[in-house]
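Novice: What follows is a single structure, and I will ask about it in a moment.
A short reminder: the numbers here are calculations on the coordinates, not readings from a lab. It should be emphasised that the depicted structure is a prediction, and the values quoted were computed from it without experimental measurement. As a convention, Cβ positions derive from the backbone with ideal geometry for all residues, glycine included, and neighbour counts pool all protein chains shown.
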Amino acid sequence: VFHFTEGMPYSFMPVPGLELVHQHPGDNIQLMYRFWLFEKALTGEIPFFSNDFEFSTPLTPPTFTTQGIPISFIFMLFMPFGSITAYNALIILSFLAAGIAMALLVRELTGSPGASVVCGLLYTCIPNRLGHLYGGHMGGFVFFLMPLSIYCLERAWRCASGGRPAARKAFSWGFGCGLCFLCAAPTELHISFYMGILLVLYFLVRFAGHLAHEGLRNALRTARLPLCGLLLPVAVTIGYLFWVKFYYLAASAVGAGRSMRTVQAYSPGLVDIFYKSPNAEKNISLGVLPLLCAIYGFFVRRREISLGRAGPGALLWLYFWAGLFAATYLLSSCQRVARRASPW
């Protein structure tokens, strides 16, 4: 805060007594370079989506880059105050955006102001986001798109179930969900990939809930407008991702993908919840505390449903989120960490 206009967040070594490993890779200058490319493209000095200077030689022609779009547009709003100030403003806005997006989603699903505030605070401060954010990775800035996309989809379903006047808004909310997916694609491929999987699962579970209570014909009628709103931006996003995969990444070092052993080496394990390790520090927030909160919240919500204080399909949603939470930890189990002797 005291150096808001003078320097960007960066630490060269782990903080003694606080960090085990260095969480900030230091790609801040590289990201600032992407924003600078966008500024040059706006002034007509270089083409959009071009990288005319990095590794550019007679033998290696200019490469493709998204120049940080669409986050670059927000960056440019603060450029009159200086590039460092604009960068720091993006960091502060990322905290607000991630927290508000998650709070909106939780409030929409539960109707609880308290739960929405707690979940918003937890989500905006998860270590995986902060490591990317302070390390100059675009992923740290766009974490808000995941809960925002689900919030838009939830609103689309709710509007589609609310009669003809409200149903007209279902298309717009579905389109908004697709736009979130589209905005994530040029900024962070990993987030785009997992967003795609999550949105498909979410849509199917939402449809299953309507199918169980309304029958096939009514469920299809309800799903029509949200799905139509999604189609165009999702189709554009998928087309872009396939283009990047086959024409841009194919010739790169990551074109062949990663082995499961490599993925596991950088993933948190179940035992990382209970003691501090490098993987736990980078990926799991606050150790066992969120797990205890999640278990407590599960039983509280289950009791509310049994007392009739929740709408139809609430039980299905409860098991969906609990199952997703459990699957996330199980799929990311790290063999290297799991082989360690542990009382757990």
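Novice: Please find the FRET efficiency linking Glu45 to Trp243, where r is the Cβ-Cβ separation and R0 is fixed at 30 Å, and quote it to the nearest 0.05.
Specialist: 0.75
Novice: Now for a different question. Once label points are set 7 Å from the Cα along Cα→Cβ at both Phe55 and Phe2, what is their separation, rounded to one decimal in nm?
Specialist: Modelled inter-label distance: 4.0 nm.
Novice: Still on this structure, I have one more. Determine the gain in length on full extension of the stretch Ile69-Ser172; use 0.36 nm per residue of separation and subtract their C-alpha separation, reporting nm with one decimal.
Specialist: Numbers: separation 103, 0.36 × 103 = 37.08 nm, distance 2.26 nm.
Once the chain is fully extended between Ile69 and Ser172, it gains 34.8 nm.
Novice: Once you have the Cα-Cα distance between His190 and Leu96, take 0.36 nm times their residue separation minus that, and quote the gain in nm to one decimal. If you can, show how the numbers build up before the last one.
Specialist: On the way: separation 94, 0.36 × 94 = 33.84 nm, distance 2.19 nm.
Fully extending the segment from His190 to Leu96 adds 31.6 nm.
Novice: Let me ask something else about it. Which whole-angstrom value gives the distance between the alpha carbon centres of the stretch 32-53 and the stretch 180-217?
Specialist: Cα centroid of the stretch 32-53 versus Cα centroid of the stretch 180-217: 33 Å apart.
Novice: Tell me which residues come under 5 Å, amide H to amide H, from Ser50 once H is placed; ignore anything under 5 positions away on its chain.
Specialist: Thr65
Novice: Which FRET efficiency value, to the nearest 0.05, do you get for Thr85 and Leu121 by plugging their Cβ-Cβ distance into 1/(1 + (r/R0)^6) with R0 = 35 Å? Before the final figure, lay out the partial values.
Specialist: On the way: r = 26 Å, r/R0 = 0.73.
That pair, Thr85 with Leu121, gives E of 0.85.
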